[in-house]
Amino acid sequence: MQPTYLPWLGYFELLNKSDIFILLDNVKLQKSSWHVRNRIKSANGELILTVPVTLVKGRLQSSIIEAKINREKPWLQKHLKSIRQCYGKTSHFDEFYPILENLISATEISLANYTSNIIRGLVSYLGISTPIIEASKIENITGYKDERLLSICRNFDATSYYSPKGSSNYLDKENYGGALEKAGVRVIYQNFSSIEYPQRYGAFIPNLSIIDALFNCGPKGTMDLIVKGGVSSHKLFRI
């Protein structure tokens, strides 16, 4: 999975269910994507937090690992202020906010390193033990799209690949699982279901950043949401 900013619950379900989790940091960055932003809940509904970046090679050619965070803009102070305003009265604010503040206040310039370190910090807080490795640190990766994924799987002698559902758009273009299934790597598609949990400010909004659940439910309650939301994934297992 590509490293994203403060990912949603489903991202951590993929991570929790994997034996090895690869951060695909050496692919093209989409400037208006989850690579640089995510959603939290405010008194006025959803609020988007965005990390401004500078693309060294321009919008069409820069990879995630090449993107640099723009530290000249006051986005960090705005993010912290918004988080305090939105979650200051939640059950787990006092416990979780200092940890989150430390993670997102890091002075890292590289976008990939910054978001990857946040993900690792959240994984540690949740108690998930899955090893995390950046794709940029793996040698001899070749190919494009499904061929690239197959190359990574072969590096780790993987027999199964747990995939977000959206990847089926290119994996299944010619046959189920594309190059992976053709090479004997079983493809399993995630079927994560967002379970409603207590939120402030009215009606429940699903699929927000995981920090919404952590502030409202704590690490144990959030892990329960992650595990229960992924139970339906077994329906898509390729036997």
**Complete:** Farthest towards the positive end of the dipole of segment 38-160, among I104, L126, S42 and with Cβ unit charges of +1 on Lys and Arg and -1 on Asp and Glu, lies the Cα of S42
**Message:** Nothing charged except the Cβ atoms of Lys and Arg (+1) and of Asp and Glu (-1): what's the magnitude of the dipole of segment 57-134 about its Cα centre? Round to the nearest 20 debye.
**Reply:** 380 debye
**Prompt:** How many percent of DSSP beta bridges within the chain run antiparallel, rounded to 5?
**Reply:** 60 percent
**Item:** Cα gyration tensor category, rounded, prolate or oblate, for the chain with a/c compared to 1.5
**Value:** oblate
**Item:** Linear extension gain, E95 paired with V231, 0.36 nm per residue minus alpha-carbon span
**Value:** 46.1 nm
**Request:** Given the peptides 129-137, 178-186, 2-10, arrange them by the average over their residues of other C-beta atoms within 10 Å, most packed first.
**Result:** 2-10, 178-186, 129-137
**Item:** Partners for K173 among aspartates and glutamates (Cα-Cα distance below 20 Å; same-chain residues under 8 apart left out)
**Value:** D146, E147, E181
**Lysine pair number, Cα distance threshold 29 Å (strictly under), segment 41-153, separation 8 or more or different chains** = 19
**Prompt:** Arranged from highest to lowest average of other beta-carbon atoms within 10 Å per residue, in what order do the peptides 166-177, 219-230 appear?
**Reply:** 219-230, 166-177
**Asked** Considering amide H positions built from the backbone, and no H for Pro or chain starts, which residues 5 or more places from E134, or on another chain, come under 5 Å of its amide H?
**Response** L23
**Fill in**
For the chain, dividing by residue count, accessible area per residue (probe 1.4 Å) in Å² works out to 50 Å²
**Prompt:** Taking Cα pairs under 8 Å and at least six residues apart, what relative contact order does segment 111-239 come out at, in percent?
**Reply:** 22 percent
**Request:** Return the sequence-ordered ³J(HN,Hα) values of segment 7-14 in whole Hz as given by the Karplus equation 6.51 cos²θ - 1.76 cosθ + 1.60 applied to θ = phi - 60°, using x for Gly and Pro.
**Result:** x, 7, 4, x, 4, 6, 5, 4
**Fill in**
Everything considered on the Cα gyration tensor (a ≥ b ≥ c; rounded for a/c under 1.5, else prolate if a/b is larger than b/c, else oblate), segment 1-62 must be described as oblate
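The values are calculated or read from the model by the stated rules, or taken from the named source; none is laboratory data. Remember, it's a predicted structure, so these values are computed and weren't measured experimentally. Glycine also receives a Cβ, built like all others from the backbone with ideal geometry; neighbour counts cover every protein chain displayed. To get the accessible areas, we keep the full protein, side chains included, count just its heavy atoms, and leave off ligands, DNA and RNA. Shrake-Rupley method; radii C 1.70, N 1.55, O 1.52, S 1.80 Å.
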